[in-house]
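Any read-out appearing in this document is the output of simple, stated calculations on the displayed coordinates, not a laboratory observation. This structure is a prediction, so every number in the text was calculated from the model and none was measured. Glycine gets a Cβ as well: all are built from the backbone with ideal geometry, and neighbour counts include every protein chain shown.
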Amino acid sequence: VNLSTIDNLDYVTCTDWGSLENTGLTSLDFSSKLTRFAGASNSLKLCSIDLSLCSGLSHVSGCSGCPSLTSVKLNDNITEVREEAFANCTSLSSINLDKVLYIGAEAFQNTGFTSVDLYTTTLGERSFKACSKLESVTFNTDLSTVDSSAFLDCSKLKQVTYGKDIITPLSQDYLKDL
């Protein structure tokens, strides 16, 4: 099957993409009725996911292992990106995280970000581990929990900005300075 687009997703309220595996589907845009997003598997060829109209969603999960995924649009009500949500989405380089308060363990492990602006208060274990292109991180809020392994193996990470403080050069335990 060679399916690239699905129209009329206006009445979808819940997703389970097992039946769409190996189809060639590249883009998903959802309506406001979606209340549960179970994600996508690596056998989908998704390049983008648009959840910006899904006001009933408060968290996102289950999109790990989609190597062709480059961008995700979240709605303003999504405050959680759960564990491994986008892990190993190696091309993912664009997502709006300005309303996200919680980023779970390994949520963005091995993704394609070069920089991230975070408004989160909680950053889980290895949440950005092995992001080999990541060069800078900006924290725009008061952090309550940041795991010291959050940026483990981010070999190009050269600058972390916290409020008005720029921490550079980075030492092994730079997160303790925040």
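Of the peptides 105-118, 145-158, the ranking by mean beta-carbon count within 10 Å, highest at the top, reads 105-118, 145-158. Listed here are the pairs Lys73/Lys156; Lys45/Lys99; Lys73/Lys99; Lys99/Lys156; Lys133/Lys156; which of them are more than 18 Å apart at the Cα? Those over the limit are Lys73/Lys156; Lys45/Lys99; Lys99/Lys156.
Return, ordered by residue number, the residues of the stretch 44-71 whose backbone nitrogen is under 20 Å from a label point located 7 Å along Cα→Cβ of Ser132. Within reach of a label on Ser132: 64-71. With contacts taken as Cα pairs under 8 Å and at least 6 residues apart, the stretch 72-116 reaches a relative contact order of 48 percent. Could you work out the relative contact order of the stretch 56-141, using alpha carbon pairs under 8 angstrom and six or more residues apart, expressed as a whole percent? Across the stretch 56-141, relative contact order equals 25 percent. Extending 7 Å from the Cα toward the beta-carbon at both Asp147 and Asp50 defines two label points whose distance is 3.3 nm. For the listed peptides 91-101, 57-67, a ranking on the average number of other beta carbons within 10 Å per residue, highest first, reads 57-67, 91-101.
Modelled label positions at Glu125 and Ser91, each set 7 Å beyond Cα in the direction of Cβ, lie 3.1 nm from each other.
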